[in-house]
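Please treat every number below as a calculation from the coordinates, not as lab data. Since the structure is predicted, the reported quantities are computational estimates derived from the model, not experimental observations. Note: ideal-geometry Cβ built from the backbone for every residue, glycine included; neighbour counts use all protein chains shown.
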Amino acid sequence: MTRVCVIGGGTMGRGIAGVAAASGYEAVLVDVDQAALDRARDAIALRLERDGAAERLGAVTFSLTIEDAVPGADVVVEAVPEILELKQQTFARIAAAASPTALLATNTSTMSVTRIAEGANGSPRVIGMHFFNPVHRMPLVELVAGEQTSDATVDDALALARALGKEPIVVRDVPGFVTSRLGLLLGNEAMRIVEEGIASAEDVDKAMKLGYRHPMGPLELADLVGLDARLNNVRSMYEQSRLEQYRPPAILERLVAEGKLGRKSGSGFYDYGE
Ligand code: NAI
């Protein structure tokens with residue numbers, strides 16, 4: 001495998017393309033939005049420079065069209081927004097353009113890989129490769145084997161994750177996999193504790209940092225991820241699992257409705273000033 005095509009040049013897609021380039025791959029990044037590609041190029045250039053690999057920027061190219069970028073890729077990683085229909089449509093286009101041997105991965109954080117793969121006619125080459133933000137720093141890749149995913153595909157994805165310098169785990173295709181199932185649960189409970197007036201956001205975060213050695217508290221983390229993105233993820237988990245513990249907390253719905261989206265908007269569970 002030498003050429004990686006990443007679809008969606010947002011937070012995750014640009015991070016994955018940057019790590020691929022830094023790891024010796026040729027990378028092509030696709031987005032429907034030229035402005036997103038321009039921002040992605042700047043972000044990748046800055047990251048490679050900081051990591052002492054500025055010369056690898058030449059390994060990254062940019063495209064507005066899946067049909068132009070996907071042929072010739074050994075690996076395609078989809079990182080478009082977390083909307084099932086969009087992911088299925090994207091996989092239909094990817095599968096139509098890709099080499100039959102290409103590894104086809106989705107970076108979904110909550111959705112069924114089996115359902116997403118339906119867009120690619122249930123291809124055995126489709127697998128979940130769940131990277132974490134920021135991609136260059138977070139060592140985990142959660143590989144999600146859908147019902148249709150072949151063993152050879154799992155092996156190829158394990159090899160790719162390691163070649164990208166990541167530590168993979170392999171999990172079954174259930175809503176939220178392992179990481180979102182646990183992480184969203186902790187976040188929801190932390191939010192309900194604040195909502196019920198049991199403790200302040202500061203003290204909830206302090207509890208988990210000092211009592212459990214979490215590097216960040218669950219509410220600081222939610223503010224960092226973005227409360228709108230978090231709300232989308234818990235909604236998706238709740239819709240799929242129907243488990244009460246994943247119902248979006250009222251305080252999260254309220255903050256998002258007020259435009260308090262966490263760090264990026266200046267306030268969320270905390271105030272960040274301007
Ligand atoms: P984002 O909103 O930052 O980026 C998505 C990009 O996809 C945008 O630049 C958008 O213009 C582009 N796009 C939309 N439709 C497209 C299409 N049809 N073809 C090509 N590009 C298209 O989203 P983000 O945060 O990067 O998330 C992407 C995926 O990664 C989602 O499935 C999300 O659940 C998952 N994820 C996100 C994490 C995070 O912390 N942000 C962590 C792990 C997974």
Out of 198, 69, 97, whose Cα points farthest toward the positive end of the dipole of the chain (charges: +1 Lys, Arg; -1 Asp, Glu; placed on Cβ)? 198
Based only on the alpha carbon positions, what is the Kirkwood hydrodynamic radius of the range 35-169, in angstrom? 15.6
Which angle from 0 to 90°, rounded to the nearest 10, does the C-alpha axis of helix 179-195 make with the longest principal axis of the chain? 20
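Hand me the tally of lysine pairs in the chain: alpha carbons under 25 angstrom apart, and the pair either on different chains or 8 or more positions apart. Before the final figure, lay out each step's value.
On the way: 87/166; 166/209; 206/260; 206/264; 209/260; 209/264.
Lysine pairs meeting both conditions in the chain amount to 6.
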So which residue, out of 167, 118, 196, gets the largest mean-square fluctuation from a GNM of the chain using Cα contacts under 10 Å as springs? 196
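Against the 2.2 N^0.38 Å scaling, with N counting residues, where does the range 153-210 land? I'd like the Cα-based Rg ratio to two decimal places.
Working: Rg = 17.0 Å, N = 58, 2.2 N^0.38 = 10.3 Å.
Dividing the Cα Rg of the range 153-210 by 2.2 N^0.38 Å gives 1.65.
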Tally Lys/Arg at +1 and Asp/Glu at -1 over every other residue whose Cβ is under 14 Å from the Cβ of residue 119; what's the total? +1
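Mean residue ellipticity at 222 nm from the helices of the chain, using -39,500 (n - 2.57) per DSSP H segment of n ≥ 4 over the full residue count, to the nearest 500 deg cm²/dmol?
Values: 11 runs with 126 residues, N = 274.
About -14000 deg cm²/dmol.
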Paramagnetic reach from residue 150 (point 7 Å along Cα→Cβ, amide N under 14 Å) across the range 75-96: none
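Over all pairs of distinct alpha carbons, what does the Kirkwood formula give as the hydrodynamic radius of the chain, in Å?
Details: mean 1/r = 0.0519 Å⁻¹.
That comes to 19.3 Å for the chain.
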The alpha-carbon center of the range 176-215 and that of the range 63-116 are separated, in whole Å, by 33
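In Å³ and rounded to a whole number, note down the convex hull volume per residue for the Cα atoms of the range 18-106. Walk me through the intermediate numbers first.
On the way: hull volume 8.4 nm³, N = 89.
Dividing the Cα hull volume of the range 18-106 by its residue count gives 94 Å³.
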Gain in length, residue 93 to residue 250, computed as 0.36 nm per residue apart minus the alpha-carbon separation, to one decimal in nm? 52.7 nm
Theoretical FRET efficiency, 1/(1+(r/R0)^6), r = Cβ-Cβ of residue 239 and residue 186, R0 22 Å, to 0.05: 0.65
Taking the 0 to 90 degree range and rounding to the nearest ten, how far is the long axis of helix 11-22 tilted relative to the main principal axis of the chain, both from C-alpha atoms? 50
What angle do you read, to the nearest 10 degrees and between 0 and 90, between the alpha-carbon axis of helix 201-212 and the longest principal axis of the chain? 70
So, for the Cα atoms of the range 110-169, Rg and Dmax in Å stand at 11.7, 34
